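Each value in this text was obtained by applying a stated rule to the coordinates, not by laboratory testing. The structure presented is a predicted model; accordingly, all values stated were derived computationally and were not measured. So basically every Cβ, Gly included, is an ideal-geometry build from the backbone, and we count neighbours across all protein chains shown.
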Amino acid sequence: MNDTAKLRAIKIVHTLVWAFFVAVIFYVVYCGIADDVNALTWISIILIFLEGIVLLLFRMFCPLTLWARKYSDSDKENFDIYLPLWLAKYNKQIFTTIFILGLILVLIRVLW
């Protein structure tokens, strides 16, 4: 497998992992809005916190990004994932904000 094929494979996996976590984040928001807090809600919250720990351990980079760097010297924000440039650039800020709002909604539902 050549470097281009390896990078393409990493980009596909990275995009699928990203889509999974976005779905998990929106599920947390849904649970908060719909007042449907259940075991899967808490599992989702734990998964997002674990993702955050992984990012902290890798200095705010996804391990897949670091792996993809072996096969590309691009400085574009989306060199390692199939996302629009603007979304790749602001991904962490956008989805962290959405998650925090969802978490607040869930906590309000649970505590009140």
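Worth a mention:
- Local electrostatic count, Ala9, Cβ distance below 13 Å [Lys/Arg +1, Asp/Glu -1]: +2
- Mean projection of the Cα convex hull over all viewing directions, computed for the range 1-64: 5.1 nm².
- Footprinting exposure proxy for Ser74, Ser44 (fewest neighbouring C-beta atoms within 10 Å first): Ser74, Ser44
- Exposure here means at most 11 other Cβ atoms within 10 Å; with trypsin sites (Lys or Arg not before Pro) in a DSSP loop as sites, the longest stretch of the chain lacking them is 1-58.
- Candidates Phe95, Phe61, Phe79: whichever shows maximal mean-square fluctuation once the chain is modelled as a Gaussian network with Cα springs under 10 Å: Phe61
- Using alpha-carbon coordinates, inclination of helix 3-34 to the longest axis of the chain, degrees: 10
- Acute angle (nearest 10 degrees) that the helix 85-111 long axis makes with the longest principal axis of the chain, alpha-carbon atoms: 20
- For the chain, pairs of C-alpha atoms spaced more than 23 angstrom apart make up 35 percent of the total.
- Each of Asn78, Thr96, Ile108 was placed along the dipole of the range 55-112 (beta-carbon charges, centred on the mean Cα), and the one lying farthest toward the positive end is Ile108.
- Positive contributions from Lys and Arg (+1) and negative ones from Asp and Glu (-1), summed over other residues with Cβ under 12 Å from the Cβ of Phe99, come out at 0.
- Exposure proxy order (Cβ contacts within 10 Å, fewest to most) of Thr65, Thr41, Thr4: Thr4, Thr65, Thr41
- Relative contact order [Cα under 8 Å, 6+ residues apart], the chain, whole percent: 45
- Here the residues Asp80, Asp73, Asp3, Asp36, ranked from fewest to most Cβ neighbours within 10 Å of their Cβ, fall in the order Asp73, Asp3, Asp36, Asp80.
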